[in-house]
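Trainee: Got a structure for you, questions after.
Nothing in this text is a laboratory measurement; each read-out follows from the coordinates by a stated rule. Fair warning: this is a prediction, and the values are worked out from it, not measured in the lab. Heads up, the Cβs are rebuilt from the backbone with ideal geometry, glycines too, and the neighbour counts pull from every protein chain shown.
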């Protein structure tokens, strides 16, 4: 069930909030939140709720063992983390490993040996996100930043809370542990959270979904796009993935705020970055910080030699690519970004710092957009073919059927999206303004309220007129 679906906006969300705010105690609110979260997840695939509940039970028990095992905390933590990664690996990477092995076996045996059967396992939605939440919990207990939570309901809420269950932000346990058993839901918080949610919803349905038509046509239905078509499609996808994911993250932050939680901000105008290092401080911030704290620093971070630092950066972004998907294109995407991060650490950053602003910004956009080619295409051959189109191998100016998709609303979404993404028109300043109002109701200027109301009206009309509004990160 997507946040931008009719089922969620018109049925699930109103009923949930009615029951949640009618619950007189925190225990009742937690029970409503947990049951609603399991129902929300079951709407996608009922059987996968069992996988989610198994992971809850595993981590509840593992944290208690880690806390008691003073002499073997490291071993107990390693076993708990490995169990989570094994569950993720079986569902997400078993097919990829088998297909890769079959390729090697076929080559080495010259087609004599039969292939290994493909397990053909369906991927539980959001398993990458709730696995990282589980690992965060175990490591926080191991580091003695928190005590193990002895309430299975509270821990289940942390892992399965529906606002951040399937697409993040990735919330570290120690940042919200104190809110699981005691939090405030006020009119001011509800107002602030609702406005943040509406901004995210409008980013998703008014910009990302409208632009998606062009990206889908070029990437999925045009085998040999011309250079004009390829650059148009790539530009559309560059904006689509940003507003799709940033919008969804804002909706999650807004929902969490209405419930009394403070989720971390996940995007901060990444396309205005002036280096790839800066880009990753702005894009999917919760993932970048998670990888930094739970992988990069334990590997040694930048405390060793330059070569060791470069190795650590490569390993982190190789892991980042693999985390995003079981395909060689994601591996290459991770290597792509890791290579530029290493190059900047090795001296490119100093060169960029002396270059004009337009050069720095153009460099970031070129690196990011060429990376999105690997991210969007389904195979290395498809990516190679698309790169050929970008440099004019298949012609330069023919539009094919793309011009049929350039409706005024689509062009308008492209223009507005580009302005919001590139010109540092920080739409999230409305979020910051709301966050300063925690604990009381602010008097908003009428123009702001009217703008929010208009965004909500247009977004709901758009959702109601479309049968499906896909979310890109469901596949991860």
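Trainee: For the range 303-384, just say rounded, prolate or oblate: build the C-alpha gyration tensor, square-root its eigenvalues into a ≥ b ≥ c, call rounded for a/c under 1.5, and beyond that prolate if a/b exceeds b/c, oblate if not.
Mentor: Cα axes put the range 303-384 in the oblate bin.
Trainee: Neighbour counts of other C-beta atoms within 10 Å: give me 282, 303 arranged from fewest to most.
Mentor: Least to most surrounded, the residues fall as 303, 282.
Trainee: Determine the gain in length on full extension of the stretch residue 70-residue 50; use 0.36 nm per residue of separation and subtract their C-alpha separation, reporting nm with one decimal.
Mentor: So the extension gain works out to 4.0 nm.
Trainee: May I pose another question? Report the percentage of all Cα-Cα pairs in the chain whose separation exceeds 37 Å, rounded to a whole percent.
Mentor: Within the chain, distances greater than 37 Å cover 30 percent of Cα pairs.
Trainee: Treat the count of other C-beta atoms within 10 Å as a stand-in for reagent exposure and order 70, 229 from fewest to most.
Mentor: Result, fewest neighbours first: 70, 229.
Trainee: Which value does Rg/Rh take for the range 181-333 over its C-alpha atoms, Rh per Kirkwood?
Mentor: Here the Rg-to-Rh quotient is 1.05.
Trainee: What number results when the radius of gyration of the range 121-257, computed over Cα atoms, is divided by 2.2 N^0.38 Å?
Mentor: 1.34
Trainee: Rank-order 289-296, 260-267 by packing density, defined as the average count of other C-beta atoms within 10 Å over each peptide's residues, highest first.
Mentor: Output ranking for 289-296, 260-267: 260-267, 289-296.
Trainee: Dividing the alpha-carbon Rg of the range 1-76 by 2.2 N^0.38 Å yields what?
Mentor: Ratio of Rg to 2.2 N^0.38 Å for the range 1-76: 1.49.
Trainee: If you don't mind, another one. Going by average Cβ neighbours within 10 Å, how do the peptides 87-95, 145-153 rank, with the highest at the top?
Mentor: Order by mean packing, descending: 87-95, 145-153.
Trainee: How much FRET efficiency would the formula 1/(1 + (r/R0)^6) give for residue 7 and residue 359, where r is the Cβ-Cβ distance and R0 is 56 Å, rounded to 0.05?
Mentor: After rounding to 0.05, the efficiency reads 0.75.
Trainee: Please order 251, 369, 113 by the number of other Cβ within 10 Å, starting at the fewest.
Mentor: Ranked by crowding around the Cβ, least crowded first: 113, 369, 251.
Trainee: Could you tell me the calculated FRET efficiency between residue 27 and residue 120, based on Cβ-Cβ distance and R0 = 45 angstrom, to the nearest 0.05?
Mentor: Here the calculated transfer efficiency is 0.60.
Trainee: Mind pulling the per residue volume of the convex hull built on the Cα atoms of the range 244-368? Å³ is fine.
Mentor: Once divided by residue count, the hull of the range 244-368 is 123 Å³.
Trainee: Next question. What is the range 6-182 by shape, rounded, prolate or oblate, if you read a ≥ b ≥ c off the alpha carbon gyration tensor as root eigenvalues and call it rounded for a/c under 1.5, prolate for a/b larger than b/c, and oblate otherwise?
Mentor: In terms of gyration-tensor shape, oblate.
Trainee: Which of rounded, prolate or oblate describes the range 102-150 when judged by the alpha-carbon gyration tensor and an a/c cut-off of 1.5?
Mentor: Note, shape of the range 102-150 comes out prolate.
Trainee: Could you tell me the relative contact order of the chain? Use alpha-carbon pairs under 8 Å, at least six residues apart, and round to a whole percent.
Mentor: The normalised contact order for the chain reaches 20 percent.
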